1. Order these by the 10 Å Cβ neighbour count, fewest first: C31, C10.
2. Placing +1 at every Lys and Arg Cβ and -1 at every Asp and Glu Cβ, with all other atoms neutral, what dipole size does the chain have around its Cα centre, in debye to the nearest 20?
3. Kindly provide the Kirkwood hydrodynamic radius of the chain in Å, to one decimal, from all pairs of distinct alpha carbon atoms.
4. Tell me the angle of helix 58-71 to the major Cα principal axis of the chain, expressed in degrees between 0 and 90 and rounded to the nearest ten.
5. Mind listing which GluC sites (Glu not before Pro) in the range 244-342 are in a DSSP loop and have 15 or fewer other Cβ atoms within 10 Å?
6. Taking the Cα centre as origin and putting +1 on Lys and Arg beta-carbons and -1 on Asp and Glu beta-carbons, what dipole magnitude results for the range 191-340, to the nearest 20 debye?
7. Could you check the spin-label model distance between M253 and E271? Points 7 Å from the Cα along Cα→Cβ, value in nm.
8. Would you mind checking the radius of gyration and Dmax of the range 191-340 based on alpha-carbon positions, in Å?
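Every number in this text was worked out from the coordinates using simple rules, so none of it is lab data. Just so we're clear, the structure is a prediction, and the values are computed from it rather than from any experiment. Don't worry about glycine lacking a Cβ; one is built from the backbone with ideal geometry, like all the others, and counts go over all protein chains shown.
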Amino acid sequence: MNCPVCGGGCVQDAPVILDSLESVFSRCDKCRFRILDKSKPLKGRFYATPCSCNKRFIDEVFAHLYVILLEEGVLSGDEPLRVVGSPLIHPGFFMTAPPFLPPDSLVLLSPIVTREAGGRIVKEVPEVKGVVKCGDYVPGLTDLFLTSSPRTYELLAGCDVRAGVFTTAAGPIVTYKQQSVMHIEFPRLKNPKIQSVERHLDTHTPGICVDICAGVGTLGLCAARHGIREIILNDAWYAAAFWSAVNLHVNRMFFRVEDVAIRTTYDALKERPVGKDPVRIAESSGEQMITVYHGDCRELWKVLPQKPLCAVFDLFEKSDKEAIERFLHEWQSRVPGEVFIP
């Protein structure tokens, strides 16, 4: 499918991503590299160019970024290399060694970059597919009761859509997101939330599983990977709901489904960024029924089947325990079954 941000080929089916993992960030026999001290300024203005295999060690890429920020007046040359920003690798997966980056494999997340510098970076640094200016907050929705306005980072140049690969006991899941409007989630060798959901599913084997605040759908799709017959994903944030639908589509071959229909567009959802009454935006056909809604989780009971189900409640912000208890009380008074917090 075409990428909804840049119109290109950023979004590929899960098997394509999985088949690339063994070699995507590996070096060839001609690749050379140096390890730079990130706590010190870059010495001189030197950076190596990509190897003949079109890959370059990540430290050399950051040296190139540092030089551009120097030339654009963003840096003075006294700052340590690490101030350039954070590298978000595409595709992201658990790695045991620093990567050698091919073209369009990195989204730069930086609090200091300017629009002019971002444009130069995307044009001149082949490994960088997008540049995002970030702040000291989490983008998207973090308020369970939707009383605060959502905030986003700023995509300055290029495209910031990237994939992450998450391991489950039933096999991997590939999830896409637009990084400027969603929180960062780094794949790990063992994901405690996924493992917690898997243990719960093994013990209870529910017929229906609902991912109440699904984000991009990782936990709900994990349940689908384990063969739960009916899955419902929901999120009030437009980007989370849309990418949940995309991720259902790109992983469809791992489920017992015949087809996946996405019934809206990214631009259409942006016009109603925070959902109220749940609206169905995607569903599968086949033996497994997987549905994606965009709406307030407090109103989700209106579209749920009136029979016992397992609700997975993974809220990003868990510090307001009183609000969580109030929500759980409302939910359990309307929806039969259990609520599980991973």
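1. Values: C31 16, C10 22.
Lowest to highest Cβ neighbour count: C31, C10.
2. Values: 39 positive and 41 negative charges, 117 e Å.
With only Lys, Arg, Asp and Glu charged at Cβ, the dipole is about 560 debye.
3. On the way: mean 1/r = 0.0472 Å⁻¹.
It works out to 21.2 Å.
4. 70
5. Working: sites: E258, E271, E283, E287, E299, E317, E322, E325, E330, E338; in loops: E271, E287, E317.
Of the GluC sites (Glu not before Pro), the ones in loops of the range 244-342 whose Cβ has at most 15 other Cβ atoms within 10 Å are E271, E287, E317.
6. Values: 18 positive and 21 negative charges, 23 e Å.
Charge dipole, the range 191-340, about its Cα centre: 100 debye, nearest 20.
7. Those two pseudo-labels are separated by 3.5 nm.
8. That works out to 14.4, 43 Å for Rg and Dmax.
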